[in-house]
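Each value in this text was obtained by applying a stated rule to the coordinates, not by laboratory testing. The model shown is predicted, which means the values in this text are computed figures rather than measured ones. Cβ sites come from the backbone with ideal geometry, for glycine too, and all protein chains shown count toward neighbours.
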Amino acid sequence: MSDARCRILLAEDEQSIVASLTFLLERAGFEVAVEPDGAKVVARALAEQPALVLLDVMMPGIDGFEALRRLRADPAGRSLPVIMLTAKGQREDRETAIHLGADHFITKPFANSDVVDAARRLAAGRQGAGAKGGSANGAGANGAGATGAAPRVQTRGPAAEQGVGQAARAAT
């Protein structure tokens, strides 16, 4: 897959992380748009339909969980691939993100390769499914499950089969 012209909407308010992720993702061939406000990121994601939304949990306005909830409540946002990125790595935060429909969960500090690999996989799924529909959940891509020790990276997979993920999304 060519990452050229794949646009990522980065929802992050901490400037050092914005600079780091923008550099990292642009170097990997993505176009990066930044929105530091939780409420504004929802409207922007729905209007622009990026290949991927990289969503921080702790933001001004509304938090990332509420932003994700609003995205998934709108038909135009149900198929948008979303990676939750947060310093809050507690199990309950991962479970909340997955339950609300996040496609991937990465805990800060993160490995650069984790972010780039997840972005490539989810953006490729989005392109393959078409920009307005289909699923790009990356299920089971890294074998991480919702049980056991806290992984640094959490992808929907086994958790999706336990009544969360796409099934929960379809019911809303």
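Numbers below:
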quantity	calculated
Residue-by-residue Karplus 3J(HN,Hα) for the range 104-113, coefficients 6.51, -1.76, 1.60, Hz, glycine and proline x	7, 9, 10, 9, 7, x, 10, 7, 3, 5
Arg91 versus Arg7: modelled label distance in nm, points set 7 Å from Cα along the beta carbon direction	4.0 nm
Residues with amide H under 5 Å from that of Val82, placed H, sequence gap 5 or more	Val53, Asp103, His104
For His99, His104, order by how many other beta-carbon atoms lie within 10 Å, fewest first	His99, His104
Mean separation of Cα contacts under 8 Å, 6 or more apart, over the residue count of the range 79-126: relative contact order %	44 percent
Rounded to whole Hz, the Karplus (6.51, -1.76, 1.60) HN-Hα couplings of the range 115-120, x for glycine and proline	5, 5, 4, 5, 4, 4
Long-range amide H partners of Leu10 with built H, under 5 Å	Ala33, Val34, Glu35, Leu54
Convex hull volume per residue in cubic angstrom - Cα atoms of the range 1-97	97 Å³
Per-residue HN-Hα couplings for the range 80-85 [Karplus 6.51, -1.76, 1.60; θ = phi - 60°; Hz; x = Gly/Pro]	5, x, 10, 9, 8, 10
